[in-house]
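See structure below.
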Amino acid sequence: MVTPVPATVFRAQLVDTVPGPRGPALRIEADGALAVRADGTIGFRGAWADLPAEYGAAPVVDHRDGFVLPGFVDTHVHFPQVFSTGAYGGGRLLTWLERCIFPAEARLADPAFADIAADAFCARRAAAGTTTALVFGSAFPGAQKALYTQSLAWGLRTISGRGVQTLGPAAAAPLLTDIDTALGLCRDEIGEWHGAGDGLVRSAVVPRFALSLAPAEMRRLADFYDEVRGDGVYFHSHLSENDSGPDGEVAAVRRAYGTTNYLDAYAGFLGRRSVFAHAVHCDDGELSALAAAGSSIAHCPVSQLFLGSGTMPWRRTIDAGVTVALGTDVGAGDEWLLPRVANTAYKVHLSDRDSVALDAATLLDLCTLAGARALDLDDRIGNLEAGKEADFVVVDPHRSPGLRASLEHCGSGSEAAVFTLLMTMREDAVASTYVRGRQVLSPAL
Ligand code: GUN
Ligand code: ZN
């Protein structure tokens, strides 16, 4: 006698990754079943023919023509830049920040606008299948409240913290506070939001970048991080992104901090839950320090092309042992969909000095499990393993005629088909997005 388990079964082609001896390995279940229990966890992942009897009476959602993939994990995206993609700022990072981004971010001081931005931000994530994101926050506490409130109402997983900035050009003035005010605001935000939504929301300490604080202020922020890191609070910032000559970011950090090593500006912040965006111009010493600390890099190749930053050296970075995940870096990045970022990663690394052709397993892993690992959540999310929380994306090629045609002619259930899927899909192919087994939907619906 089998006792039925309350669940819903998704029938589809299941594709995910698992760690292998030489990097990520692909798992494909051509006619698969994903049993999602009522408590939001995965009860079974495997062949439809092997579905355990306890799920035999469960309702079935039939996506046999489509794919179920793990939810996408974006390890670097800017909430206050939700409307800022494609902004012309004269090409390079520091001019783009001054001309386009600081003024755009200042608009979130208005609570009504912040609400609109937070709703749009969640909508873009839902449409792109981004179930989890490490979100670079707004300077304004009211805007951060809007972000968390909306994120929970939509049902998304969000790690964030207000962007800390005490220094900057005149255009940044509305975003600046003194360091004591900044520390107080960080403490309040963490106290109110870290762990909210039964852990769907988590907090981070987020200095904008090294140039946003004086060295002594950065040290005070590091002391503060030391107080909260034991509670599982994250650290997030930009690292060695844009090296555009003597007036560029990397040279300016060296001058301000009196060091040749950009990472030294972040002394005291390294650890398992520390994620650094970009790391394009790191030397071997910086990479091995990141690896030794278990810190991760959010690789953002779309943004790096947009700002002429160069690209993170794939082979050298991976060989150093650092966890590399993907970030959209919206708004310097103009793609919300992680597979579009993976598509760009494939192209830039093929054109790299080492000319690496990333395979389907690596591309999917970058969009999913590597992100979960960077966020220290790989015991809960990142693939479709039974026991994990059911964060997944349904991809339906019928919503996208070009994609359907490409897939029809490359053989279902193959590694080649997964490569084609990841390189070709656009947001229109995302049929639905689930976090903890619940569909991510606008609270207005
Ligand atoms: N460095 C400091 N601020 C930013 C930002 O908003 N975007 C990017 N890409 N780099 C930064
Ligand atoms: Zn960024």
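The values are calculated or read from the model by the stated rules, or taken from the named source; none is laboratory data. Not measured: the values here are computed from a predicted model. All Cβ positions, glycine included, derive from the backbone under ideal geometry; neighbour counts span all protein chains shown.
Tell me the helices (runs of 4 or more DSSP H) entirely within region 364-445 that contain at least 1 residues that are more than 20 Å from the chain's Cα centre (by Cα).
Qualifying helices (runs of 4 or more DSSP H): 401-408, 415-424.
Tell me the residue from V275, V330, V280, V341 that is within 15 Å of ligand 2 (Cβ to nearest atom), of a type outside the set (S, T, Y) and part of a helix (DSSP H, G or I), please.
The match here is V341.
For region 77-95, how many residues are crowded, with 22+ Cβ neighbours inside 10 Å and among the hydrophobic types (A, V, I, L, M, F, W, C)?
4
Can you name every residue in region 76-100 that is more than 20 Å from the chain's Cα centre (by Cα), under 21 Å from A298 (Cα atoms) and not in a loop (DSSP other than H, G, I, E, B)?
L93, L94, W96, L97
Can you name the condition, by its number, that G333 falls short on among (1) modelled with pLDDT of 95 or more; (2) touching a strand residue (DSSP E or B) at 6+ places or on another chain (Cβ under 6 Å)?
(2)
Please tell me if P19 is in contact with an Asp or Glu (Cβ under 8 Å, 6 or more places away or on another chain) and touching a residue at least 24 places away in the same chain (Cβ under 8 Å).
no
S84 passes all but one of (1) within 13 Å of ligand 2 (Cβ to nearest atom); (2) within 16 Å of E241 (Cβ to Cβ); (3) of a type outside the set (A, V, I, L, M); which number fails?
Only one criterion in (1) within 13 Å of ligand 2 (Cβ to nearest atom); (2) within 16 Å of E241 (Cβ to Cβ); (3) of a type outside the set (A, V, I, L, M) is unmet by S84, namely (2).
Under 28 Å from D231 (Cβ atoms), hydroxyl-bearing (S, T, Y) and part of a helix (DSSP H, G or I) - does that describe any residue in region 118-131?
No, that holds for no residue.
Criterion first (part of a loop (DSSP other than H, G, I, E, B), more than 25 Å from Y234 (Cα to Cα) and within 12 Å of ligand 2 (Cβ to nearest atom)) does S309 satisfy it?
yes
Quick check: is even one residue across region 120-137 of a type in the set (S, T, N, Q) and out of contact with any helix residue (DSSP H, G or I) (no Cβ under 9 Å at 6 or more places or on another chain)?
No, the conditions are met nowhere in region 120-137.
Answer yes if at least one residue in region 67-75 is buried (at least 17 other Cβ atoms within 10 Å of the Cβ), within 16 Å of ligand 1 (Cβ to nearest atom) and not in a helix (DSSP H, G or I), and no otherwise.
yes
I'd like to check something: does region 138-158 contain any residue that is assigned to a loop (DSSP other than H, G, I, E, B), more than 21 Å from A252 (Cβ to Cβ) and within 16 Å of ligand 1 (Cβ to nearest atom)?
Yes, some residue in region 138-158 is assigned to a loop (DSSP other than H, G, I, E, B), more than 21 Å from A252 (Cβ to Cβ) and within 16 Å of ligand 1 (Cβ to nearest atom).
Tell me, yes or no, whether region 292-301 has at least one residue that is within 16 Å of ligand 2 (Cβ to nearest atom), touching a Ser or Thr at 6+ places or on another chain (Cβ under 8 Å) and in a loop (DSSP other than H, G, I, E, B).
Checked against the condition, which is being within 16 Å of ligand 2 (Cβ to nearest atom), touching a Ser or Thr at 6+ places or on another chain (Cβ under 8 Å) and in a loop (DSSP other than H, G, I, E, B), region 292-301 yields at least one hit.
With the requirement that a residue be out of contact with any strand residue (DSSP E or B) (no Cβ under 9 Å at 6 or more places or on another chain), part of a helix (DSSP H, G or I) and free of Cβ contacts under 8 Å to residues at least 60 places away in the same chain, what does region 223-262 give you?
Correct list: D223, D226, E227, G230, V250, A251, V253, R254, R255, A256, Y257.
Can V206 be described as of a type in the set (A, V, I, L, M, F, W, C), within 16 Å of ligand 1 (Cβ to nearest atom) and within 17 Å of the chain's Cα centre (by Cα)?
Against the criterion (of a type in the set (A, V, I, L, M, F, W, C), within 16 Å of ligand 1 (Cβ to nearest atom) and within 17 Å of the chain's Cα centre (by Cα)), V206 qualifies.
Let's see how each residue does on (1) part of a strand (DSSP E or B); (2) closer than 21 Å to V73 by Cα; (3) modelled with pLDDT of 95 or more:
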position: V5; (1), (2), (3): no, no, no
position: T8; (1), (2), (3): yes, no, yes
position: P19; (1), (2), (3): yes, yes, yes
position: D39; (1), (2), (3): no, no, yes
position: F44; (1), (2), (3): yes, no, yes
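Residue-by-condition table, conditions (1) free of Cβ contacts under 8 Å to residues at least 24 places away in the same chain; (2) among the β-branched types (V, I, T); (3) surrounded by fewer than 20 Cβ atoms within 10 Å (Cβ to Cβ):
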position	(1), (2), (3)
V330	no, yes, no
R340	no, no, no
A357	yes, no, yes
T362	no, yes, no
L366	no, no, no
G371	no, no, no
N383	no, no, no
A390	no, no, no
V393	no, yes, no
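What are the residue pairs meeting all of these: first residue in region 179-190, first residue without any contact (Cβ under 8 Å) to a residue 60 or more places away in the chain, second residue assigned to a helix (DSSP H, G or I) and aromatic (F, W, Y), Cβ atoms under 6 Å, and 6 or more apart or on different chains?
Note: pairs meeting the criteria are L183/F224.
State the number of residues belonging to region 105-118 that are crowded, with 20+ Cβ neighbours inside 10 Å and within 14 Å of ligand 1 (Cβ to nearest atom).
2
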